[in-house]
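First comes the structure, then the notes that go with it.
The values are calculated or read from the model by the stated rules, or taken from the named source; none is laboratory data. Note that the structure is a prediction, hence the values are computed from the model and not measured. Glycine also receives a Cβ, built like all others from the backbone with ideal geometry; neighbour counts cover every protein chain displayed. Surface areas here come from the heavy atoms of the whole protein model, side chains and all, with no ligands, DNA or RNA. Shrake-Rupley method; radii C 1.70, N 1.55, O 1.52, S 1.80 Å.
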Amino acid sequence: MFIAHSPAGYLISRFIARGRPAQSGAILATGIICSVLPDFDLAYIYLVDGRQTPHHDYWTHTPLFWLVVAAVLALMLTMSGRRNPLVLAWVGLANVMLHLLMDSVAADIRWLHPFSDLRVNLVHVPALYKRWYLNFLFHWTFVAELLIVLSAAAAAAID
């Protein structure tokens with residue numbers, strides 16, 4: 001996916017926040033930030049790596065990494081007796097996993113890494129255009145992204 005991560009994160013976090021009105025602001029903020037968190041590797045890719053490594057091959061696009069981060073965070077919060085922010089750890093994990101799931105629609109994600117290098121994606125986006133982003137903008141999957149963006153905009157307008 002190309003542009004729908006934040007809007008999808010808003011939608012799932014909005015749904016979770018409805019059941020916890022006292023934490024709704026924190027849930028929405030955590031969810032939206034975590035919905036794009038795996039793409040923070042782009043800073044490293046462009047500033048340090050020189051685009052030598054494929055974007056989805058970094059640890060930030062490895063589900064096991066995020067499962068371990070969430071489990072450690074949940075354990076630390078539980079051991080410290082701070083159960084109230086525990087929901088934020090799970091909201092963050094849900095949004096990171098949603099990001100990876102959305103990336104799996106038209107990009108390779110190694111869901112079983114480091115145990116397997118199997119790359120999973122739903123559809124292949126052919127490289128028809130010299131500028132890489134045009135391949136995604138003119139592919140039918142971009143319509144799904146636009147629908148997610150419009151859904152999030154409509155939901156925000158209602159709130």
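Within the range 110-127, residues that are more than 15 Å from His55 (Cβ to Cβ) have Cβ atoms under 6 Å from residues that are loosely packed, with under 12 Cβ neighbours inside 10 Å and not hydroxyl-bearing (Ser, Thr, Tyr) in these pairs: Leu112/Leu118, counting only partners at least 6 apart in sequence or on another chain.
Listed by first and then second residue, the pairs linking a residue in the range 142-159 that is in contact (Cβ under 8 Å) with a residue 40 or more places away in the chain to a residue that is among the small types (Gly, Ala, Ser), with Cβ atoms under 6 Å apart and 6 or more places separating them unless they lie on different chains, are Glu145/Ala4; Ile148/Ala4; Ile148/Ala8; Val149/Ala4.
Residues in the range 46-86 that are closer than 14 Å to Arg110 by Cβ, open to solvent by less than 60 Å² (accessible area, probe 1.4 Å) and touching a helix residue (DSSP H, G or I) at 6+ places or on another chain (Cβ under 8 Å): Thr53, His55, His56, Tyr58, Thr60, His61, Pro63, Trp66. Output the number of the condition that Ala43 fails; it satisfies all remaining conditions of (1) of a type in the set (A, V, I, L, M, F, W, C); (2) at pLDDT below 95; (3) over 13 Å from the mean Cα position of the chain (by Cα); (4) surrounded by 14 or more Cβ atoms within 10 Å (Cβ to Cβ). Ala43 satisfies all of (1) of a type in the set (A, V, I, L, M, F, W, C); (2) at pLDDT below 95; (3) over 13 Å from the mean Cα position of the chain (by Cα); (4) surrounded by 14 or more Cβ atoms within 10 Å (Cβ to Cβ) except (4). The residue that is nearest to Val120 (Cα to Cα), counting only those in the range 61-84 that are at pLDDT below 95 and hydroxyl-bearing (Ser, Thr, Tyr), is Thr78. Residues in the range 71-90 that are in contact (Cβ under 8 Å) with a residue 24 or more places away in the chain and in a helix (DSSP H, G or I): Val87, Leu88.
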